[in-house]
Amino acid sequence: MRRQIVAANWKMNGSSELVRELVPAIRESAVALDNAVEVVIMPPSLFLGGVKSELSGSGLSLGIQNIARWQEGAYTGEVSAGMAADVGCDYALVGHSERRQLFGETDEVIAEKVARILESGLKVMLCVGETLEEREAGNAEAVVCRQADVALKGVAAADARRIVIAYEPVWAIGTGKTATADDAQAMHRALRTRLSALGFAADEMSLLYGGSVKPDNAGALFAQPDIDGGLIGGASLKANDFIAICQAAKA
Ligand code: PGA
């Protein structure tokens, strides 16, 4: 049985007040999930400590949205994977399309970050996904497989249990457009086949879908055999929506 995971990517949204309101509401509702779904909260880094306090003893997980490709030193403004582990993170997100597009992160930089995350003892949540142009050119699967190949190059097979991959078609992020459940399933299957060819125990790895997941489409997506939960942006900032999405992953 693969772990079902629903992760909240707050992106650069939120405040101390939101931490105090939203996190206890999620925590309370998560009890009804009976541990069938792992819930991960990924706030902006400045709020990690506050979210950690609100989550204390709850069994919910904490993640950082980005880490540096270095472990320490003269890199003003950066935060390392080791620091994220030190303040109690379980996961580090890497490869999000906003980092790729707005901050110029290449597959090679992402591979360095994956290495830092693993050596710090954290779990990796790696995002992959094609742009609309790449999909329309018929290259979606090739792009996604290349992103996974490069990011995971050098990762030991034994570390597969610490890798979660989120397939997020770039054209579906924050746009209200979602991949159909069939299209998303087809990509997840292709990705699992690729992970297996890379030597990983792919059947044991959780593959999440992300991109405009909402309470009304989560059920159909999560019912697909190769979709093991979701990475949620906009809807993760609304307690009721996020909780409904977590419930859909349990069903
Ligand atoms: P969205 O974002 O749910 O707002 O589309 C998903 C993501 O970028 O992780």
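Coordinate-derived values only; no laboratory data. Because the structure is predicted, anything quoted here is derived from the model rather than measured. For neighbour counting, all protein chains shown are included, and Cβ atoms are generated from backbone atoms with ideal geometry for every residue, glycine included.
Here are the numbers for this structure:
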| read-out | value |
| --- | --- |
| P(r) weight above 15 Å for the range 141-180, C-alpha pairs, percent | 53 |
| 20 Å reach of a label modelled at Arg3, 7 Å along Cα-to-Cβ, counting backbone N of the range 117-134 | 117-128 |
| The range 112-179: proportion of alpha-carbon pairs further apart than 14 angstrom, % | 61 |
| The range 90-126 residues near the modelled Asp159 label - backbone nitrogen below 16 Å, point 7 Å along Cα→Cβ | 91-95, 107-126 |
| Sites Glu108 and Glu28, calculated FRET efficiency, Cβ-Cβ separation with R0 35 Å, nearest 0.05 | 0.25 |
| Alpha-carbon gyration tensor eigenvalues x 5, square-rooted, for the range 166-251, Å | 23, 13, 11 |
| Antiparallel DSSP beta bridges within the chain, as percent of all bridges there, nearest 5 | 0 |
| Candidate lysines - alpha carbon under 17 Å from Lys113, same-chain residues fewer than 8 apart omitted | Lys123, Lys153 |
| Sorted largest first, extent of the chain alpha carbons per principal axis (Å) | 46, 45, 32 |
| Cβ-derived FRET efficiency at R0 22 Å, Asp183 paired with Asp149, nearest 0.05 | 0.55 |
